[in-house]
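Scroll down for the structure; my scribbles are underneath it.
The values are calculated or read from the model by the stated rules, or taken from the named source; none is laboratory data. Bear in mind that the values here come from a model prediction, so they are computed numbers and not experimental data. Note that each Cβ is placed from the backbone with ideal geometry, even for glycine, and that neighbours are counted across all protein chains shown.
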Amino acid sequence: MRDWLLMLRPNGGAFHPSRMLLGALAFALPMGYQVFNNQNQAAGMMGFAILSTLMLDIGGTRHKRLESMALGNILMLITAGISLSINHNVLLWLGGILFLISLIGASLTAGFALDLLLRMLASAYLIGYPGSFVTSDILPVYLIAASLTIALSIGFAPRMNNPVSLKIPPHWRSDFQRLRKGQFAGGTFGLLLACACACSFFLAQHLGFSAPNVAAICTLMVFRPEPNRTHSTIWLRLVGVLLGSLLAWILVFQNQSNWELVALAALAGALLPLAFANGLMYVAALTTFIVYLILALLGIHGHAAVVSAEYRILETLLGAAVAVIFAMIFRSLKPEIGQE
């Protein structure tokens, strides 16, 4: 148990203070403008684009960061668009999960930046699940928020962003070169990841959870090609989700002031680089908290927010449990990987 608790200790990684200013401005300016004009739904939808763009802002130069943010958002919109266009046919949509996530899963482990980008693409597909409240109406708002975040990032952030303090700043192109040299997770892992995500989704749907894609996304995020890492990743994510939910319970669920929600979003955005510098648990907690803020701007308050939080915790637990089962299967098929 002591080892599990030690995992929660802050890593103390370095980060540039100007990125805190970037996070605060990215959330405060566009969302604040929409709230000022009584467009609370648009403010909430913008939050998804801002958070995604900040997560994609990785690279050793401004040009590389711009490339990562622009290309990442384009690919995510295409992936989500494909999902939304076929989600009326559950079998076809399921086939998309198996095909897309198999390809993505097989390509993981080549590097942090590519790993994050690929998992975000898979998440974009899962967001368009059958019955999703997301529609094509979000596209203009998403593009505006993403573009503003990119502009703010290039203007206010330092030249280099190395959120996990690697010796060489990560970038998806350099990771892709390692992938071409054979540093990939393999087809077996890719297929198991796809099956695990599909299993999490349909189990959550069968159990009547409000957002079954949350369970699938949890499985996607915690199921690692290195079986020994899956359990530690699950532990850190679970604690992070519980901590983020607790903070939201105190600060968000009963909050009826949209201006206070925007202020909390700006504060959370400022803390995002600090979370990355200190480990996965802090990132999971902060992103969970930001999602609750976005949902509150979309009108989910009070009892509805409490129910949403309960479902999110249950969905996360379900997704983690499925990941554990499939990690055991993968380890039995590839025991040599678990021993590395």
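Numerical summary
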read-out: Filter result (free of Cβ contacts under 8 Å to residues at least 60 places away in the same chain and closer than 24 Å to Glu260 by Cβ) within segment 301-327; value: His301, Gly302, His303, Ala304, Ala305, Val306, Glu310
read-out: Any hit, segment 229-241, residues being basic (Lys, Arg) and part of a helix (DSSP H, G or I); value: yes
read-out: Residue satisfying condition, being within 25 Å of His16 (Cα to Cα) and among the small types (Gly, Ala, Ser), within set Ala248, Ala263; value: Ala263
read-out: Total residues in segment 167-205, condition among the aliphatic types (A, V, I, L, M) and touching a Phe, Trp or Tyr at 6+ places or on another chain (Cβ under 7 Å); value: 3
read-out: In segment 144-170, the residues that are exposed (fewer than 14 other Cβ atoms within 10 Å of the Cβ), of a type in the set (A, V, I, L, M) and part of a helix (DSSP H, G or I); value: Ala151
read-out: Top-ranked residue in segment 1-24 [being at pLDDT 85 or above and surrounded by fewer than 14 Cβ atoms within 10 Å (Cβ to Cβ); ranked as farthest from Arg159 (Cα to Cα)]; value: Pro17
read-out: Total residues in segment 16-48, condition closer than 28 Å to Leu236 by Cβ and under 20 Å from the mean Cα position of the chain (by Cα); value: 10
read-out: Positions within segment 179-228 being within 17 Å of the chain's Cα centre (by Cα) and not in a helix (DSSP H, G or I), in sequence order; value: Ala211, Phe223, Arg224
read-out: Meets criteria (of a type outside the set (D, E, K, R) and surrounded by 23 or more Cβ atoms within 10 Å (Cβ to Cβ)) for Gly299; value: no
read-out: Options Arg65, Arg9, Arg19; residue that is charged (D, E, K, R) and in a loop (DSSP other than H, G, I, E, B); value: Arg9
read-out: Every pair of residues 6+ apart whose Cβ atoms lie under 7 Å, when the first sits in segment 204-228 and is closer than 17 Å to Gly128 by Cβ and small (Gly, Ala, Ser) while the second is surrounded by fewer than 23 Cβ atoms within 10 Å (Cβ to Cβ) and at pLDDT below 90; value: Ser210/Ser308
read-out: Total residues in segment 37-50, condition under 25 Å from Asn162 (Cβ atoms) and out of contact with any helix residue (DSSP H, G or I) (no Cβ under 6 Å at 6 or more places or on another chain); value: 1
read-out: Sole residue being at positive phi and touching a helix residue (DSSP H, G or I) at 6+ places or on another chain (Cβ under 7 Å), chosen from Gly186, Gly182; value: Gly186
